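Input: a single structure, listed below in structure tokens.
The values are calculated or read from the model by the stated rules, or taken from the named source; none is laboratory data. Owing to the predicted nature of the structure, the values given are computational and were not obtained by experimental measurement. In this analysis, Cβ positions are derived from the backbone assuming ideal geometry, glycine residues included, and neighbour counts consider all displayed protein chains. Just the protein is used for accessible areas: all its heavy atoms, side chains included, with ligands, DNA and RNA removed. Shrake-Rupley method; radii C 1.70, N 1.55, O 1.52, S 1.80 Å.
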Amino acid sequence: MHIFSDFRENLQIMALETTEQDSLYSDLEKKSTIEILRNINREDKTVALAVEKALPQIEAFINAALPKMQKGGRLFYIGAGTSGRLGVVDASECPPTFGVPFDLVVGLIAGGDTAIRRAVEYAEDDTAQAWKDLKKHGISEKDVVLGIAASGKTPYVVGGLKKAQLKGILTGCIVCNNGSPVAQAAQFPIEIVVGPEYVTGSTRMKAGTAQKMALNMISTALMIKMGKVKGNKMVDMQLTNNKLLSRGTNMIMAETGATREIAAELLQKYGSVRKAVEEFYASLQ
């Protein structure tokens, strides 16, 4: 009976959610390809404006998280489905882009790594699992937890945020409905209301785009504030392929005025753009 009572309660909540409202378009199967594309594009254009309205909330979360991370704290993303996958993507791109440790930003998804590629049934409905996943990483009050849930009611995220708060851990969230349970469980909620999806309820679309935009802002702003960008360059990026080696060489040339040959030698010797530039100028003294 408990499962069905929860289901009925969720149905009542869904009736109020903008993410579950009926699409502004009908008879989609009858539309031409270009009509579908134009309508999706029209809806996508509204996402950046919705994100813009949430900038003060995004700023508040970043300003609260930054001191924690400057003192050695980590940032954890928790989510399910598309939201969880977006968190994993953003976290996994921080080390190669900014040269930070792989455990500085951690993405956790309901159902574990298996759920990155295929859905794990009912994984998001377990209110206790997120905290179990966080404990595996030795989470403490030094760290920060950001819940990601388009609907704003995912039990995995709600449970994780509530437990984190009880443990004195700073919490935030990204949701796409106002006044949601996830937002109520976070100290720094970010509410980006994008309205109905082109395909009713398909929150991998506008809601997913909004979440990705917010995550880009959060991780990039934090890394800039932590000194991982110089000017506008990724001076600490990991040099893991020829494209990045070439980019790093160009950055050294632009910064120092060195020839390509010298810049490439410096990069090969010191292994990072930042170190190569520092050593170049040190050699001139």
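Among the residues of region 267-285, those identified as surrounded by fewer than 16 Cβ atoms within 10 Å (Cβ to Cβ), of a type in the set (D, E, K, R) and closer than 14 Å to VAL235 by Cα are LYS275, GLU278, GLU279.
Examine region 81-95 for a residue that is over 16 Å from the mean Cα position of the chain (by Cα), modelled with pLDDT of 95 or more and not aromatic (Phe, Trp, Tyr), and state whether such a residue exists.
Quick first cut of region 81-95, residues over 16 Å from the mean Cα position of the chain (by Cα) only: none.
No, because not a single residue in region 81-95 is over 16 Å from the mean Cα position of the chain (by Cα), modelled with pLDDT of 95 or more and not aromatic (Phe, Trp, Tyr).
Is one or more of the residues making up region 219-241 under 29 Å from LYS153 (Cα atoms) and not polar (S, T, N, Q)?
Among the residues of region 219-241, at least one is under 29 Å from LYS153 (Cα atoms) and not polar (S, T, N, Q), which makes the answer yes.
Scanning region 246-266 for residues being closer than 15 Å to GLU279 by Cβ and open to solvent by 70 Å² or more (accessible area, probe 1.4 Å) gives a total of 3.
Against the conditions (1) assigned to a helix (DSSP H, G or I); (2) under 16 Å from SER219 (Cα atoms), GLU43 satisfies every one except (2). Return the only residue of ILE190, ILE139 being open to solvent by less than 10 Å² (accessible area, probe 1.4 Å), out of contact with any Asp or Glu (no Cβ under 7 Å at 6 or more places or on another chain), among the hydrophobic types (A, V, I, L, M, F, W, C) and closer than 24 Å to PRO67 by Cβ. Answer to the check: ILE190.
Give region 37-47 a look and list any residue that's open to solvent by 50 Å² or more (accessible area, probe 1.4 Å) and in contact (Cβ under 8 Å) with a residue 24 or more places away in the chain, or say none. So that I can check it myself, show each step before the final result.
The initial filter retains those residues of region 37-47 that are open to solvent by 50 Å² or more (accessible area, probe 1.4 Å), namely 37-38, 41-42, 44-46.
Hits for region 37-47 are ASP44, THR46.
Residues being open to solvent by 40 Å² or more (accessible area, probe 1.4 Å) and not in a helix (DSSP H, G or I): count how many of those fall in region 200-245.
Taking region 200-245 as the starting set, the residues that turn out to be open to solvent by 40 Å² or more (accessible area, probe 1.4 Å) are 200, 204, 209, 212-213, 216-217, 220, 224-226, 228, 230-234, 238-243, 245.
Cutting the leftovers down to not in a helix (DSSP H, G or I) gives us 200, 204, 226, 228, 230-234, 238-241.
Total meeting the criteria: 13.
Of LEU161, LEU146, all but one fail to be within 26 Å of MET69 (Cα to Cα) and in a strand (DSSP E or B); the exception is LEU146. In this structure, does LYS68 turn out to be under 30 Å from VAL235 (Cα atoms), part of a helix (DSSP H, G or I) and among the charged types (D, E, K, R)? It is true that LYS68 is under 30 Å from VAL235 (Cα atoms), part of a helix (DSSP H, G or I) and among the charged types (D, E, K, R).
If you go through region 79-91 one residue at a time, do you hit one that is part of a strand (DSSP E or B), open to solvent by less than 50 Å² (accessible area, probe 1.4 Å) and of a type in the set (A, V, I, L, M, F, W, C)? So that I can check it myself, show each step before the final result.
Of all residues in region 79-91, those part of a strand (DSSP E or B) come to 79.
When the remaining residues are screened for being open to solvent by less than 50 Å² (accessible area, probe 1.4 Å), the result is 79.
Among the residues that remain, those that are also of a type in the set (A, V, I, L, M, F, W, C) are: none.
Among the residues of region 79-91, not one is part of a strand (DSSP E or B), open to solvent by less than 50 Å² (accessible area, probe 1.4 Å) and of a type in the set (A, V, I, L, M, F, W, C), which makes the answer no.
When every residue of region 19-28 is checked against the conditions, none turns out to be surrounded by 15 or more Cβ atoms within 10 Å (Cβ to Cβ), within 22 Å of the chain's Cα centre (by Cα) and aromatic (Phe, Trp, Tyr).
Taking every residue in region 250-272 that is hydroxyl-bearing (Ser, Thr, Tyr) and pairing it with any residue that is surrounded by fewer than 16 Cβ atoms within 10 Å (Cβ to Cβ) and at pLDDT below 95, at least 6 positions away or on another chain, the pairs with Cβ-Cβ distances below 6 Å are TYR270/GLU279.
Can you say whether ILE190 is under 16 Å from LYS153 (Cα atoms), touching a residue at least 12 places away in the same chain (Cβ under 8 Å) and β-branched (Val, Ile, Thr), as far as the supplied structure shows? Taking the combined requirement at face value, the residue satisfies it. Restrict the check to region 113-131 and report whether at least one residue is modelled with pLDDT of 95 or more, aromatic (Phe, Trp, Tyr) and not in a helix (DSSP H, G or I). Looking for residues that are modelled with pLDDT of 95 or more, aromatic (Phe, Trp, Tyr) and not in a helix (DSSP H, G or I), one finds none in region 113-131, hence no.
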